[in-house]
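Q: Here it is: the structure, laid out below.
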Amino acid sequence: MAKAAKKGAKGGAVKKAGKKSKDPNAPKRAMSAFFFWMQDNRDKIKKPGMGVADVAKAAGVEWGKLTDKSKWEKKATDDKARYEKELASYKKK
């Protein structure tokens, strides 16, 4: 069966809103503790023939087993402060 086209309020076809373009001058988002940990441990987890999704799944399992995450959580907190500071400066412009 074919899907019926959505109709607007006046019977015309509904147009999708375009994706909002990202400002290239906006500050980069803060990284999570997991991503900081991933930067340090990706080479240990990655094996030949593994795809990106396979590496991410294996990393998730290892991250879940980890008991002391304070090193990376501290980095994430510092990065969040950096992001908030840069964002405040960016919004002033």
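The values are calculated or read from the model by the stated rules, or taken from the named source; none is laboratory data. These numbers come from a predicted model, not from an experiment. All Cβ positions, even for glycine, are placed from backbone atoms using ideal geometry, and neighbour counts span all protein chains on display.
Q: Only residues that are loosely packed, with under 12 Cβ neighbours inside 10 Å and more than 20 Å from the chain's Cα centre (by Cα): list them for the stretch 59-70, please.
A: Of everything in the stretch 59-70, those that are loosely packed, with under 12 Cβ neighbours inside 10 Å and more than 20 Å from the chain's Cα centre (by Cα) turn out to be Lys65, Thr67, Asp68, Ser70.
Q: Which of the residues that make up the stretch 73-93 are surrounded by 14 or more Cβ atoms within 10 Å (Cβ to Cβ) and either outside any helix (DSSP H, G or I) or hydroxyl-bearing (Ser, Thr, Tyr) (or both)?
A: Answer for the stretch 73-93, where residues must be surrounded by 14 or more Cβ atoms within 10 Å (Cβ to Cβ) and either outside any helix (DSSP H, G or I) or hydroxyl-bearing (Ser, Thr, Tyr) (or both): just Tyr83.
Q: Residues of the stretch 14-72 being part of a loop (DSSP other than H, G, I, E, B), polar (S, T, N, Q) and either touching a strand residue (DSSP E or B) at 6+ places or on another chain (Cβ under 8 Å) or within 30 Å of Lys91 (Cβ to Cβ) (or both), which ones?
A: Those that are part of a loop (DSSP other than H, G, I, E, B), polar (S, T, N, Q) and either touching a strand residue (DSSP E or B) at 6+ places or on another chain (Cβ under 8 Å) or within 30 Å of Lys91 (Cβ to Cβ) (or both): Ser21, Asn25, Ser32.
Q: Which one of these is at pLDDT below 95, touching a Phe, Trp or Tyr at 6+ places or on another chain (Cβ under 6 Å) and not basic (Lys, Arg): Pro48, Pro27? Talk me through it step by step, then tell me what you get.
A: Numbers: Pro48 fails: touching a Phe, Trp or Tyr at 6+ places or on another chain (Cβ under 6 Å).
Of the residues listed, the single one that is at pLDDT below 95, touching a Phe, Trp or Tyr at 6+ places or on another chain (Cβ under 6 Å) and not basic (Lys, Arg) is Pro27.
Q: Which pairs turn up if I take residues in the stretch 58-85 that are touching a residue at least 12 places away in the same chain (Cβ under 8 Å) and look for partners that are of a type in the set (Val, Ile, Thr) with beta carbon separation below 7 Å, at least 6 apart in sequence or on another chain?
A: Ala58/Ile45; Ala59/Ile45; Glu62/Ile45
Q: Output the qualifying pairs, or none if there are none: Cβ atoms under 9 angstrom, residues six or more apart or on different chains, first residue in the stretch 7-22 and modelled with pLDDT of 65 or more, second residue part of a loop (DSSP other than H, G, I, E, B) and of a type in the set (A, V, I, L, M, F, W, C).
A: Once the first residue is modelled with pLDDT of 65 or more and sits in the stretch 7-22, its partners that are part of a loop (DSSP other than H, G, I, E, B) and of a type in the set (A, V, I, L, M, F, W, C) give Ala13/Ala5; Val14/Ala5.
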